[in-house]
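A quick write-up on the structure given underneath.
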Amino acid sequence: MSVTVRVPAKVNVQLAVGGARSDGFHDLANVFLAVGLYDEVTVTPAASLRVTCSGPGSDQVPLDSSNLAARAALALAERAGISASSAAVHIHIDKDIPVAGGMAGGSADAAGALVACDALWGLGTSRGELLSLCAELGSDVPFSLVGGAALGVGRGEQLTSLPVGGSFHWVFAVADGGLSTPAVYREFDRLWAGRSVPEPVASDALLSALRVGDAVALASAVSNDLQPAALSLFPSLRETLDVGMAAGALASLVSGSGPTTAFLAKSAESAAAVAEALLASGTCRAARVASAPAAGATVV
Ligand code: C5P
């Protein structure tokens, strides 16, 4: 018997970042939107805990106990009082979310493993408990569980679901190479050194654009405070952003800590044209079209 869970990627339509806290994290006003690019996590009983991975970029995914999906399975077993031998599972991750791309692929796999193991072991863990396990695993993991759209505060893990009044067309340009999230936050701190960082606050205009499903209004409200840091570490992303705008995107921004870049389009046709222009430009490795919002972790 095995259980498969499908989990979406995310884009941050607003990522407002405050100053570094004493625990090293940053307070955020983080508006997550789940997008229709998915990893699938399948768990099957096995002799010992084992992780395998297929799909683009899978060679960069760690298969040892540092894999976030493996850590999720172990954390759930421990919480439920299941012994390590009874909790032994083979976790297979079929990746479609860009690896190390700022689209929460690792977080998606952790949320997927939690939901899949919960079903496999027949635990019926409450939503609240699953969310608290998610928050222990990483700042973006709770959102991968819930999907849709949400405002995350604290380090991004304290979520409030947001209403979304329509669907949005996105294009994602996958960069050649990855960026480490801690390195991007360190660069953010370096760029702000000696100045006081404003309190992160969610934009009313952005929340209202999501609520009414207005892509043009959303385009003028998107923002990412990590973008200058990501561009500083990966300057060629500027060119990718420019190509997408020249091809008719309503807005372009770095996705989370990057280096994936995100383009909001006014229609499915425009999204296809933006993707084609991005690919033709040679400034990215792949261009993916996806619509949003997408559902959170779901057993398939
Ligand atoms: O929580 P997560 O493991 O995804 O965070 C990865 C790293 O990103 C943290 O170790 C920290 O360096 C940085 N981070 C941060 N502030 C946040 C979220 C993440 O500084 N709110």
Q. For the stretch 169-207, what are the residues that are surrounded by fewer than 19 Cβ atoms within 10 Å (Cβ to Cβ), charged (D, E, K, R) and either over 18 Å from Leu278 (Cβ atoms) or touching a helix residue (DSSP H, G or I) at 6+ places or on another chain (Cβ under 7 Å) (or both)?
A. Arg186, Asp189, Arg190, Arg195, Glu199, Asp204
**Q.** Answer from Ser281, Ser255 - the residue that is outside the structural domain of Gly148 (by TED's automatic domain parsing) and open to solvent by 10 Å² or more (accessible area, probe 1.4 Å)
**A.** Ser281
(Q) If a residue must be surrounded by fewer than 24 Cβ atoms within 10 Å (Cβ to Cβ), within 20 Å of Ser2 (Cα to Cα) and not small (Gly, Ala, Ser), how many such residues does the stretch 77-95 contain? (A) 5
Q.
Being outside any strand (DSSP E or B) and either surrounded by 24 or more Cβ atoms within 10 Å (Cβ to Cβ) or of a type in the set (Asp, Glu) (or both) is the filter here; which residues of the stretch 8-43 pass it?
A. Asp23
(Q) Return the residues of the stretch 51-61 that are open to solvent by 60 Å² or more (accessible area, probe 1.4 Å) and either under 21 Å from Gly138 (Cα atoms) or in contact with a Leu (Cβ under 7 Å, 6 or more places away or on another chain) (or both); say none if nothing qualifies. (A) Gln60
Q. When the stretch 168-192 is examined, which residues are found to be β-branched (Val, Ile, Thr) and in a helix (DSSP H, G or I)?
A. Thr181, Val184
Q: Could you please find all residues in the stretch 102-158 being more than 16 Å from the ligand (Cβ to nearest atom), without any contact (Cβ under 8 Å) to a residue 24 or more places away in the chain and in a loop (DSSP other than H, G, I, E, B)?
A: Gly122, Gly124, Ser126
**Q.** Residues that are hydrophobic (A, V, I, L, M, F, W, C), outside any strand (DSSP E or B) and touching a residue at least 60 places away in the same chain (Cβ under 8 Å), drawn from the stretch 272-290
**A.** Val274, Ala275, Leu278, Cys284
Q) Can we say Leu250 is open to solvent by 40 Å² or more (accessible area, probe 1.4 Å) and either at pLDDT below 95 or farther than 22 Å from Val141 by Cα (or both)? A) yes
(Q) Exactly one condition in (1) in contact (Cβ under 8 Å) with a residue 40 or more places away in the chain; (2) out of contact with any helix residue (DSSP H, G or I) (no Cβ under 8 Å at 6 or more places or on another chain); (3) more than 30 Å from Leu151 (Cβ to Cβ); (4) not acidic (Asp, Glu) is false for Pro62; which is it? (A) (1)
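The values are calculated or read from the model by the stated rules, or taken from the named source; none is laboratory data. Computed from a predicted structure; not experimentally measured. Methodologically, a virtual Cβ is constructed for each residue, glycine included, from the backbone with ideal geometry; neighbour enumeration extends over all protein chains shown. SASA here: full protein model, heavy atoms, side chains in, ligands and nucleic acids out. Shrake-Rupley method; radii C 1.70, N 1.55, O 1.52, S 1.80 Å.
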